[in-house]
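As structure tokens, the structure follows; a few thoughts come after it.
The values are calculated or read from the model by the stated rules, or taken from the named source; none is laboratory data. Bear in mind the structure is a predicted one, so any value in this text is a computation, not a measurement. Here the Cβ positions follow ideal geometry from the backbone for every residue, glycine too, while neighbour counts run over all protein chains shown. In case anyone asks, the SASA skips ligands and DNA or RNA and just uses the protein heavy atoms, side chains included. Shrake-Rupley method; radii C 1.70, N 1.55, O 1.52, S 1.80 Å.
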Number of protein chains: 2
Amino acid sequence: MTEDRWTPPAVMLAVDLVILTLRESSLKVLLIERGVEPYEGAWALPGGFLRDAEEDLTAAARRELEEEAAMDAATLHLEHLGVYGAPGRDPRGRVVSVAYLAIAPGLPEPTAGTDAAGARWQPADQVLSGELELAFDHRRIVEDGVENARAKLEHSALATAFCAPVFTITDLQRVYEAVWGVSLDPRNFYRKVQRTSGFIVAAGPERKVTSGRPARLFKAGPRKVLYPPMIRPSEPSNTKGPEE
Amino acid sequence: MTEDRWTPPAVMLAVDLVILTLRESSLKVLLIERGVEPYEGAWALPGGFLRDAEEDLTAAARRELEEEAAMDAATLHLEHLGVYGAPGRDPRGRVVSVAYLAIAPGLPEPTAGTDAAGARWQPADQVLSGELELAFDHRRIVEDGVENARAKLEHSALATAFCAPVFTITDLQRVYEAVWGVSLDPRNFYRKVQRTSGFIVAAGPERKVTSGRPARLFKAGPRKVLYPPMIRPSEPSNTKGPEE
DNA sequence: GAAATAGTGTCTTTTAGACAATATATG
DNA sequence: CATATATTGTCTAAAAGACACTATTTC
């Protein structure tokens, strides 16, 4: 408990968004070119300060999603990611940032015309590898966001959030392959997904054509928790797993 | 990005702790009887405001752990849990609370003598069921903390954080049983844990006696991620899983 | 028909889960 | 020896993973 007559310090609260999507079969993150100091001209996550002292945090996240990314927050998967509040992370003073993770289906490039001019889908690899440097501690936030998404693909139906309302099983497989950075056997994937009842459900007799046999169409099912889980390859039976 | 010449609203930042442990084979959470308004006399999570505008968030969590729970933060598992910032959750104004989850091995009751007078280990069930009402939105935070712990037992070595530095496989099984609220087959559990190399490692030829055959002693191994994961029973092949 | 993608069948290996049997202590 | 707990062995069912094969489209 805290002492009487003492006033707690005030801090500035910001909201940052890690918005992931799949474009050209690779994982992208939405970045914005900063127009003001600090880090003017650098790439950064969309986000900003709380508008007023009454604004709810998730409301602020949704507002930024619409203002900075020109996306409809109602249709996107949006969840809490973490808090980044190390002193000194922002030269303007004590800024604590609450990060949210959003997953979007493949959308057109959000270039000119919208509020999101200067926004660009950048390959997540380039951020993770450090090839593309970000403002503040945003690279770390992206790392956490991507790892969060990777983990959730295993046990939840999050993968469907990367897909259009109606999709094929191959579309879904591309999500797993891109986010995990692996390649999966289409035949085993097909059956695994179908056997997990409630994960995806048939969406009419419609089909989709490109060159081969038309694929059945599906939409996200009611099941949110996958059991048994989808299995991420590459850790067959190693002695020491990655650190937590 | 934010406009020029506009000052973001300031909020008060608090840190709250969900400290879980195992006592008498049941899951307990550390609660404190509030000595000041608001909610004077009610049970609440240990926690408090940031000390000053320079204090790091995790440092604040560690400080509260020592001040309010009289525990050594260096030896405990401590991780971010979530942010609770709904307007109106605290009658004193806009308070945003960053919650941390701590896991402690079974410790003596933290009663008189320490700074933590008024602190008590309460059964987690009683909080989750609503039998014991908590101040603010702390019941919700406990719910999230317990669910987080339950999930992490599956895929990480978190269970060892509930144990003393040296423990038996049966001790570890009690952790799973208490946190998950299930009962497990000791023989299958035994082999499952042993097969997951790096999860636990032998700790000398010492033994421990009570009435039956003495058990081998183990300590936490280097492996933090469990693969294959421990499996939480009760969702055998149901059509619809629990919501996320 | 050739090429491409979708979907099915089948076999092997691994793992989960049930449970008998054995081992080593105490009283 | 009775009792209690620890540890090992064995069997069965389910699921993962490899991969041959069939189906349906476009060119």
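Provide the per residue accessible area, probe 1.4 Å, for segment A:156-220, rounded to a whole number of square angstrom. Kindly include the intermediate steps, with their values, before the conclusion.
Values: 3490 Å² over 65 residues.
With all protein chains present, segment A:156-220 gives 54 Å² per residue.
Can you give the net charge of the other residues whose Cβ lies under 15 Å from the Cβ of residue A:191, counting K and R as +1 and D and E as -1?
Numbers: positive: A:187, A:192, A:195, A:216; negative: A:185.
Charge balance in the 15 Å sphere: +3.
Rounded to a whole number of µm²/s, how large is the Stokes-Einstein D of chain B at 10 °C and 1.306 mPa s, given Rh as the Kirkwood radius over C-alpha pairs?
Working: Rh = 19.7 Å.
D, rounded to a whole number, is 81 µm²/s.
Using θ = phi - 60° and the Karplus relation 6.51 cos²θ - 1.76 cosθ + 1.60, list the HN-Hα couplings for segment B:23-32 in order, rounded to whole Hz, with x at every Gly or Pro.
Ordered by residue, 3J(HN,Hα) equals 9, 6, 6, 9, 7, 10, 10, 7, 10, 10 Hz.
Helix-only mean residue ellipticity at 222 nm, the protein assembly as shown, DSSP H runs n ≥ 4 weighted -39,500 (n - 2.57), per residue, nearest 500. What is it? Could the numbers behind the result be given before it?
Numbers: 10 runs with 117 residues, N = 488.
My calculation for the protein assembly as shown gives -7500 deg cm²/dmol from helical runs alone.
List the residues of segment B:139-170 whose backbone N lies under 17 Å from a point placed 7 Å from the Cα of residue B:120 along the Cα-to-Cβ direction.
What the label zone holds, given the 17 Å backbone N cut-off, is B:139.
Check residue A:203: other-chain or 5+ apart residues with amide H under 5 Å from its amide H, H built from backbone geometry?
It is A:217, A:218, A:219, by chain and number.
Starting from the residue with the highest accessible area, list B:76, A:107 in decreasing order, probe 1.4 Å. If you can, show how the numbers build up before the last one.
Values: B:76 25, A:107 60 Å².
Ranked from most to least accessible, the order is A:107, B:76.
In whole angstrom, how far apart do the alpha carbon centroids of segment B:211-227 and segment B:158-208 sit?
5
Would you kindly find the accessible area of residue A:224, with a 1.4 Å probe and non-protein molecules such as ligands, DNA and RNA excluded, rounding to the nearest 10 Å²?
Answer for residue A:224: close to 70 Å² accessible.
Return the FRET efficiency for the residue pair residue A:66, residue B:210: r is the Cβ-Cβ distance, R0 is 56 Å, and the value is rounded to the nearest 0.05. Don't skip to the end; give the middle numbers.
Numbers: r = 62 Å, r/R0 = 1.11.
Given R0 = 56 Å and the Cβ-Cβ separation, E is 0.35.
Convert each backbone phi in segment A:214-220 into a coupling constant with the Karplus relation 6.51 cos²θ - 1.76 cosθ + 1.60 (shift: θ = phi - 60°), then list the ³J(HN,Hα) values in order as whole Hz, x for Gly and Pro.
Going residue by residue, I get x, 9, 6, 9, 9, 10, 4 Hz, with x marking Gly and Pro.
Which residue in chain B puts its Cβ closest to the axis that rotates chain B onto chain A, and at what distance in whole Å?
In chain B, the Cβ lying nearest the symmetry axis toward A is B:10, 2.
Straight-line reach from residue A:28: which lysines fall under 23 Å, measuring Cα to Cα and dropping same-chain residues less than 8 apart?
Of all the lysines, those that pass the test against residue A:28 - Cα under 23 Å, at least 8 places apart if same chain - are A:152, A:219.
Roughly how big is the protein assembly as shown's charge dipole about its Cα centre, with Cβ charges of +1 (Lys, Arg) and -1 (Asp, Glu), in debye to the nearest 20? Before the final figure, lay out each step's value.
Details: 58 positive and 70 negative charges, 622 e Å.
Rounded to the nearest 20 debye, it is 2980 debye.
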